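The values are calculated or read from the model by the stated rules, or taken from the named source; none is laboratory data. These numbers were taken from a predicted model, which means no experiment stands behind them. Here the Cβ is made from the backbone with ideal geometry for all residues, glycine too, and neighbour counts use every protein chain on show. For the accessible areas, the whole protein counts, side chains as well, though only heavy atoms, and no ligand, DNA or RNA atoms are used. Shrake-Rupley method; radii C 1.70, N 1.55, O 1.52, S 1.80 Å.
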Amino acid sequence: MRFLASGRRHKAARPLLLLLSLFLVGAVYALVTPATSSSAEGVADAQLIAAGKNLFATNCASCHGLNAEGLAQQGAPNLTNVGAAAVDFQVRTGRMPMANPLVQAPRKENTFTEDEIAALAAYVASLGDGPAIPDESQYDPSSVSAEGVARGGDLFRTNCSACHNFKGAGGALPDGRVAPSLQGVDAKEIWEAMRTGPGQMPVFASGSIPDEDVQKMVAYLEQVNATPSAGLSLGGLGPVAEGFWAWVAGIGSLVLFATWIATRGPRA
Amino acid sequence: MAKPAELSPESPAMEVRTPPKEAAPSKLAGPATWVDDRIGLAKLMGNIRKVFPDHWSFLLGEIALYSFVILLLTGVFLTIWFKPSMAEVEYAGTYELMRNVPMSEAFASTLAISFDVRGGLLVRQIHHWAAMLFVAAMTVHMLRVFFTGAYRKPRELNWLIGVGLLSIGLVEGFAGYSLPDDLLSGTGLRFVDGLVRSIPLIGTWAEFFVFGGEFPGELVIARLYMVHILLVPGLLLGLISAHMALLVYHKHTHWPAPGRTNHNIQGYPFFPIYVAKAGGFFFIVFGITILMGALIQINPVWLFGPYNPAQVTAGSQPDWYMGFVEGAIRIIPNWETHLLGTTWSWNIFLPGVGLMGLLFTALGAYPFIEAWITGDKSEHHLLDRPRNAPNRTALGVAGMAAYGMFWLAGGNDIIATQFHVSLNAVTYFMRVAVFVVPVLAFIVTKRICLSLQRADRDRVLHGSESNIIVRSPDGGYSESHAPISQGEAYSLTRHPQLEALTPNGEKVGRTRQRLSRWFADGQVPTPTAEEIEAAAHHSSDVAAIEGGDTPAIESSETAETGASH
Ligand code: HEM
């Protein structure tokens with residue numbers, strides 16, 4: 001203590017203290033900031049992004065512009081903040097690149113390889129922020145409990161059935177758009193659709209529907225479509241199909257029987 | 001029309017002259033006599049020999065009757081387990097995908113019937129298919145009555161009873177559809193809630209009256225249950241009995257044919273032949289309904305989930321018979337008036353309350369309007385062939401076309417997704433089609449009727465095509481015609497000619513005169529006896545060319561006997 005007390009007045013005390021505090025600040029800073037990626041990975045990322053930029057220039061820029069800023073005359077949106085998930089979804093489901101200008105890009109066969117999709121996604125992700133491509137743990141429904149599945153059904157009916165129908169058979173929207181059928185759509189694509197809101201579909205962000213709830217909804221959709229129906233399911237389209245069958249199969253066959261009966265008389 | 005008994009049963013003469021029962025040579029012995037002494041079985045047997053004509057279209061009403069019986073049978077089964085309560089419970093039954101989901105007791109008990117009661121799902125599906133067939137059969141039955149003119153005097157009252165049956169049939173079906181309290185039935189109730197509220201002035205009050213407070217409240221399922229299992233079936237039973245009683249009293253109508261007149265009835269006796277046929281037909285209807293219930297899924301409420309006012313699903317539609325109202329609501333422009341802080345929702349009132357009112361008023365009034373236009377006060381027991389009343393037939397088809405367009409519009413979203421067209425395009429198309437298609441249907445139908453009449457006339461005058469091509473000595477080809485049988489000629493010329501009313505002082509006003517001229521207009525005259533005579537000479541010439549010197553009339557008789565074997 002005495003040493004410290006006496007040393008305070010030493011000529012070198014102030015500069016030394018300054019040095020010491022600078023060192024401390026530097027050390028804390030180094031601890032708090034995340035470790036920067038190793039240079040090797042940085043190079044790989046840069047290569048991926050560059051490959052993506054090239055792919056983008058040849059396949060997408062005609063509509064979305066060379067810097068993905070969007071071209072109004074093509075009706076193609078700005079992609080700087082859509083995120084990797086949006087690109088992965090749009091290209092994986094074959095919606096992009098759009099073949100011809102329609103009100104809504106249809107789902108079709110995807111012609112890109114996994115690597116190319118990853119490159120395109122990395123390029124667009126590098127332009128701004130937006131949802132990243134999900135890990136399997138984010139959408140995989142295998143750990144959902146039986147009760148969770150039922151809850152997923154409730155969530156699905158609250159959030160999705162207005163457009164996609166009660167078991168995801170799809171439905172019509174104004175101006176020639178449709179909410180497509182969700183039967184047979186991958187869990188990953190469902191997650192991505194919810195987080196990026198393709199076309200007319202609203203974005204369901206993780207703040208309102210966390211990943212666990214997405215898993216429950218995916219589990220419900222899978223199970224409800226695997227449950228056997230009580231006879232011909234008529235496409236799960238509801239009462240219109242039932243009315244059609246009542247008239248065609250029901251009244252139709254009964255009228256045929258009536259005609260048959262009316263020609264049967266007692267034999268003389 | 002049945003002749004009233006010459007002596008009224010109250011007449012004292014009746015008692016004096018009736019021989020004592022014991023003396024009557026009753027063929028019924030033992031228990032039958034016992035019953036007869038108490039309820040007059042023998043008299044019933046008199047009715048049981050009533051004659052019914054045979055034609056497939058006379059069986060359509062029976063389909064409705066049998067579906068109603070099926071509805072009663074399956075409905076009783078369902079009432080054993082159904083709980084008409086809106087109290088909230090957590091589901092604890094066997095259907096995993098609903099585990100612990102909060103729902104009303106009504107919905108939970110419907111799931112229980114579907115998954116936990118043996119045969120419950122089958123019975124539910126049969127009940128629902130029977131309901132769809134019930135209304136559909138009533139509709140086609142009504143159409144057959146309309147197009148054959150069977151509603152004319154003396155059967156106007158039975159037509160009115162029929163219109164009553166159809167309208168409360170819709171109520172019955174709607175009430176049943178609402179009971180399970182699933183997402184679609186709740187959405188349907190929401191729709192009706194909107195209709196009720198759109199009624200000017202009393203709307204809100206009426207909503208509170210029906211739902212016991214604001215929608216959805218806690219009462220409506222219990223109330224609909226009462227309507228569905230007691231009130232409306234009671235009314236239906238009463239009206240069906242009256243309908244059948246009047247049918248027996250008036251006797252059935254029949255098609256014109258030799259020996260069938262406006263004053264008689266030809267056919268098989270009710271017992272035993274008609275009973276056998278009708279009984280057999282009951283089992284066919286029951287069988288088909290069971291097959292549909294077993295093979296085709298209907299109203300899968302477990303997929304819709306319990307009703308929750310925050311939810312709605314694509315493809316929310318009512319059962320088919322409410323589809324025309326749904327369609328009208330879907331295509332009407334958004335008309336609303338705001339007046340002194342109140343909203344007048346014409347966009348809901350006109351297509352909903354207005355269209356239903358219009359349909360049933362028009363149906364109910366039609367027989368009287370037609371009778372007024374034609375001034376026809378005579379009784380009709382012979383049916384019209386639709387072609388012989390071209391304006392009525394065309395009106396009917398135009399009405400069906402309008403109904404059909406509204407109906408299609410009710411499924412506009414399904415049409416859009418299934419046929420890959422734009423929902424807006426379907427809607428705009430329907431807005432026009434609802435007005436244009438009936439007019440086209442009218443014109444086309446009338447043309448078809450007239451050309452069919454012309455074909456009939458040709459057939460009577462020139463006979464049927466014999467399929468024999470004759471080459472004349474100078475090389476020309478012609479097809480010879482074989483005269484038709486006298487019976488057929490009778491059937492084809494039997495129908496009365498429509499005549500316009502002649503001005504008759506103040507009794508026939510100008511509008512009425514014009515309408516009657518329009519109704520009778522454009523008819524192909526039935527050949528007169530002289531024309532038939534003249535044509536027969538002509539055709540015997542043809543027969544001569546054919547080489548035979550037999551008079552045509554004889555060959556026609558041979559043809560007839562040949563055909564009747
Ligand atoms: C509960 C529903 C109904 C049942 C069970 C029913 C049953 C029947 C049956 C079995 C017949 C005799 C067979 C036939 O001509 O088809 C009949 C006749 C008749 N029905 Fe109905 N019907 C129903 C609804 C209607 C409706 C909706 C109408 C018209 C608005 C109607 C009008 C008539 C008339 C006018 C006859 C007499 C037909 C004739 O004698 O040629 N009925 N009904």
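Need the failing condition index for residue B:189 against (1) hydrophobic (A, V, I, L, M, F, W, C); (2) surrounded by 22 or more Cβ atoms within 10 Å (Cβ to Cβ); (3) under 16 Å from the mean Cα position of the chain (by Cα), just the number.
If we test residue B:189 against (1) hydrophobic (A, V, I, L, M, F, W, C); (2) surrounded by 22 or more Cβ atoms within 10 Å (Cβ to Cβ); (3) under 16 Å from the mean Cα position of the chain (by Cα), just (3) comes out false.
Could you check region A:77-97 and list, in sequence order, the residues that are surrounded by 21 or more Cβ atoms within 10 Å (Cβ to Cβ) and not in a loop (DSSP other than H, G, I, E, B)?
A:83, A:84, A:85, A:86, A:87, A:88, A:89, A:90, A:91
Note down all Cβ pairs under 7 Å where the first residue falls in region B:20-41 and is farther than 20 Å from residue B:271 by Cβ and among the charged types (D, E, K, R), the second is at pLDDT 80 or above and in a helix (DSSP H, G or I), and they're at least six residues apart or on different chains.
Correct list of pairs: B:21/B:37.
Taking region B:83-107 on its own, how many of its residues are open to solvent by 30 Å² or more (accessible area, probe 1.4 Å) and either within 13 Å of another protein chain (Cβ to nearest Cβ) or of a type in the set (Phe, Trp, Tyr) (or both)?
Going through region B:83-107 one residue at a time, the tally reaches 8.
Can you name every residue in region A:145-170 that is more than 7 Å from chain B (Cβ to nearest Cβ), open to solvent by 10 Å² or more (accessible area, probe 1.4 Å) and in a helix (DSSP H, G or I)?
Of everything in region A:145-170, those that are more than 7 Å from chain B (Cβ to nearest Cβ), open to solvent by 10 Å² or more (accessible area, probe 1.4 Å) and in a helix (DSSP H, G or I) turn out to be A:151, A:155, A:159.
Between a residue in region B:316-341 that is within 13 Å of chain A (Cβ to nearest Cβ) and any residue that is acidic (Asp, Glu), which pairs come within a Cβ distance under 6 Å, given they are 6 or more apart or on different chains?
Between residues of region B:316-341 that are within 13 Å of chain A (Cβ to nearest Cβ) and residues that are acidic (Asp, Glu), the close pairs are B:318/B:326.
Mind counting the residues in region B:30-76 that are charged (D, E, K, R) and either within 15 Å of the ligand (Cβ to nearest atom) or modelled with pLDDT of 95 or more (or both)?
3
Would you point out which residue out of B:236, B:224 is of a type outside the set (Lys, Arg), open to solvent by less than 70 Å² (accessible area, probe 1.4 Å) and under 20 Å from the mean Cα position of the chain (by Cα)?
B:236
Exactly one of these conditions fails for residue A:113: (1) of a type in the set (Val, Ile, Thr); (2) outside the structural domain of residue A:209 (by TED's automatic domain parsing); (3) in contact with a Lys or Arg (Cβ under 6 Å, 6 or more places away or on another chain). Give me its number.
(3)
Are any residues in region B:265-274 in contact (Cβ under 8 Å) with a residue 60 or more places away in the chain and more than 11 Å from the ligand (Cβ to nearest atom), and if so, which ones?
Result: B:266, B:267, B:268, B:269, B:270, B:271.
From the list A:182, A:221, which one is more than 7 Å from chain B (Cβ to nearest Cβ), open to solvent by less than 40 Å² (accessible area, probe 1.4 Å) and assigned to a helix (DSSP H, G or I)?
The conditions single out A:221.
Which of the residues belonging to region B:137-154 are touching a Gly at 6+ places or on another chain (Cβ under 7 Å) and within 17 Å of residue B:71 (Cβ to Cβ)?
Hits for region B:137-154 are B:138, B:141.
Just for helices (runs of 4 or more DSSP H) wholly inside region B:126-218: which have at least 3 residues that are more than 14 Å from every other protein chain (Cβ to nearest Cβ) and within 16 Å of the ligand (Cβ to nearest atom)?
B:156-178
Listed residues B:343, B:261; which is open to solvent by 30 Å² or more (accessible area, probe 1.4 Å), of a type in the set (S, T, N, Q) and within 16 Å of the ligand (Cβ to nearest atom)?
When all the criteria are applied, what remains is B:261.
Just one of (1) at pLDDT below 95; (2) surrounded by 24 or more Cβ atoms within 10 Å (Cβ to Cβ); (3) facing chain A (nearest Cβ under 9 Å) trips up residue B:311, so point out which.
Result: residue B:311 fails condition (2) only.
Tell me whether region B:166-174 contains one or more residues that are touching a residue at least 40 places away in the same chain (Cβ under 8 Å), of a type in the set (D, E, K, R) and open to solvent by 30 Å² or more (accessible area, probe 1.4 Å).
For region B:166-174, residues touching a residue at least 40 places away in the same chain (Cβ under 8 Å), of a type in the set (D, E, K, R) and open to solvent by 30 Å² or more (accessible area, probe 1.4 Å): absent.
I'd like the full set of residues that are closer than 11 Å to residue B:50 by Cβ and either in contact with a Lys or Arg (Cβ under 9 Å, 6 or more places away or on another chain) or near the ligand (Cβ under 7 Å from one of its atoms) (or both), limited to region B:239-249.
If the condition is that a residue be closer than 11 Å to residue B:50 by Cβ and either in contact with a Lys or Arg (Cβ under 9 Å, 6 or more places away or on another chain) or near the ligand (Cβ under 7 Å from one of its atoms) (or both), then B:247, B:248 are the ones that fit.
Return the residue satisfying two criteria in turn: it lies in region A:52-76 and is assigned to a loop (DSSP other than H, G, I, E, B) and free of Cβ contacts under 8 Å to residues at least 60 places away in the same chain, and of such residues it is surrounded by the most Cβ atoms within 10 Å (Cβ to Cβ).
It comes out as A:68.
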